[in-house]
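Peer 1: Take a look at the following structure, please.
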Amino acid sequence: MQTKMDKCEEERSQLAKKSQDLETNLSEANSELEVLRSDVKQLQDDTTLLGRSYKRLTKQYDKLNQINDQLLNKQRRSMESSEAENRKLMRELMAAQEDLQIKEDMLRQLERDLNAKKADLDRLDKELQEREKKVKELQRLIDEKDKAVKALKDRITQALLGFKDKGLTVETKNGRIQVSMEAKLLFPSGSTSINPDGKQALIDLSKVLEGQENLTILVEGHTDTDEFRGRGEIKDNWDLSVMRATAVVKIMLGNSKLDPMMLTAAGRGQFVPLDESNSPEAKAKNRRIEIILTPNLDQLFEILEN
């Protein structure tokens, strides 16, 4: 039973870690999404700037072509001028042609840069869309899980409303529903036999859980720190906590159509108290059964792994 309890604790810790990892991955996905959006914005700005430069150089290129034509015309008209004037015109023409070639080279380079920026923009835009789709799907599944957990908690609370003032509480912790029942509701002192009121509370809870899928149910027994002097099969607080948890599981299975694969019984002894003081009230609070309902998060982890 100790080994089984340890295994249950390990599984519960893994589930808590997975839930925490899920929230962390979601935060990281949102951070990466913001970085991608920033990169897309920068590429858009670069593309706009390159487009403006391209237009400006195109105008300069057209103007140089016009000047070149004018110089050619002027050269033809000046063929009869002096040799010095002709050489001057030739130099001006060659300089204009060189300048024109430089502008053409710059224009072609800008075109290549612009095409590369557009390709990067398209790639980042596609990646951004995929990330957004993944984040939306994660958020949708988390919202659905939270909604289902809240709806189930409300149903459990309503079903167990008559036991509210008898040491029974229902609350949500870390995405899980925790039903806590004080030992006085369920068991006589030092016994594993369940009282009629406690049995009815367990039956009402089991009926609510019938038909639930993708859910694991962990039943934990807890005792106070008073030393239990064993009689018969019950030797100490470990035995008492485990056997009480097992008794609760048997009542739930015997009065409902719950799948036994969903349930686990574990004993925690006196080692996980709610109140560490030694007052009678604290000890009464620590003697309890906790029924922990954990939703299945496999879908979320599948999305994160892809």
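Peer 1: Between S19, S38, S31, which is under 30 Å from G175 (Cβ atoms) and exposed (fewer than 11 other Cβ atoms within 10 Å of the Cβ)?
Peer 2: S31
Peer 1: From the list S241, S193, S206, S189, which residue is within 27 Å of G162 (Cα to Cα), touching a strand residue (DSSP E or B) at 6+ places or on another chain (Cβ under 6 Å) and assigned by TED's automatic domain parsing to the domain that holds R287?
Peer 2: Answer to the selection: S241.
Peer 1: While we're looking at this one, here's another question. Inspect the stretch 65-78 for any residue being outside any helix (DSSP H, G or I) and either more than 28 Å from the chain's Cα centre (by Cα) or surrounded by fewer than 13 Cβ atoms within 10 Å (Cβ to Cβ) (or both) and give the result as yes or no.
Peer 2: yes
Peer 1: Only one of these is more than 30 Å from S27 (Cβ to Cβ) and modelled with pLDDT under 85: E83, E137, E92, E104. Name it.
Peer 2: E83
Peer 1: Which of the following residues is in the same structural domain as G269 (by TED's automatic domain parsing), modelled with pLDDT under 95 and within 23 Å of K4 (Cβ to Cβ): G232, G167?
Peer 2: G232
Peer 1: Moving to a separate point now. In the stretch 173-219, what residues are without any contact (Cβ under 8 Å) to a residue 40 or more places away in the chain and buried (at least 18 other Cβ atoms within 10 Å of the Cβ)?
Peer 2: Once the filter is applied, which keeps residues that are without any contact (Cβ under 8 Å) to a residue 40 or more places away in the chain and buried (at least 18 other Cβ atoms within 10 Å of the Cβ), the stretch 173-219 yields L185, G198.
Peer 1: Follow-up question, since we're still on this one. Answer with yes or no whether L152 is touching a strand residue (DSSP E or B) at 6+ places or on another chain (Cβ under 7 Å) and over 30 Å from R229 (Cβ atoms).
Peer 2: In short, yes.
Peer 1: Continuing with the same structure: Just to be sure, is K18 in a helix (DSSP H, G or I) and either closer than 18 Å to K103 by Cα or in the same structural domain as Q109 (by TED's automatic domain parsing) (or both)?
Peer 2: So K18 fails the test.
Peer 1: Q42 fails exactly one of the following numbered conditions: (1) over 33 Å from the mean Cα position of the chain (by Cα); (2) modelled with pLDDT of 80 or more. What is the number of that condition?
Peer 2: Every listed condition holds for Q42 apart from (1).
Peer 1: Looking at E28, E9 in this structure, which one is under 34 Å from the mean Cα position of the chain (by Cα), acidic (D, E) and not assigned by TED's automatic domain parsing to the domain that holds K133?
Peer 2: Selected residue: E9, the only one of E28, E9 that is under 34 Å from the mean Cα position of the chain (by Cα), acidic (D, E) and not assigned by TED's automatic domain parsing to the domain that holds K133.
Peer 1: Then there's this: When you go through D62, D46 one by one, which is the residue that is surrounded by 15 or more Cβ atoms within 10 Å (Cβ to Cβ) and not basic (K, R)?
Peer 2: On inspection, the qualifying residue turns out to be D46.
Peer 1: Taking D146 as meeting all but one of (1) without any contact (Cβ under 8 Å) to a residue 24 or more places away in the chain; (2) surrounded by fewer than 16 Cβ atoms within 10 Å (Cβ to Cβ), write down the number of the exception.
Peer 2: (1) is the only condition that D146 fails.
The values are calculated or read from the model by the stated rules, or taken from the named source; none is laboratory data. None of these values were measured; they are calculated from a predicted model. Neighbour counts run over all protein chains shown; Cβ positions are idealised from the backbone, glycine included.
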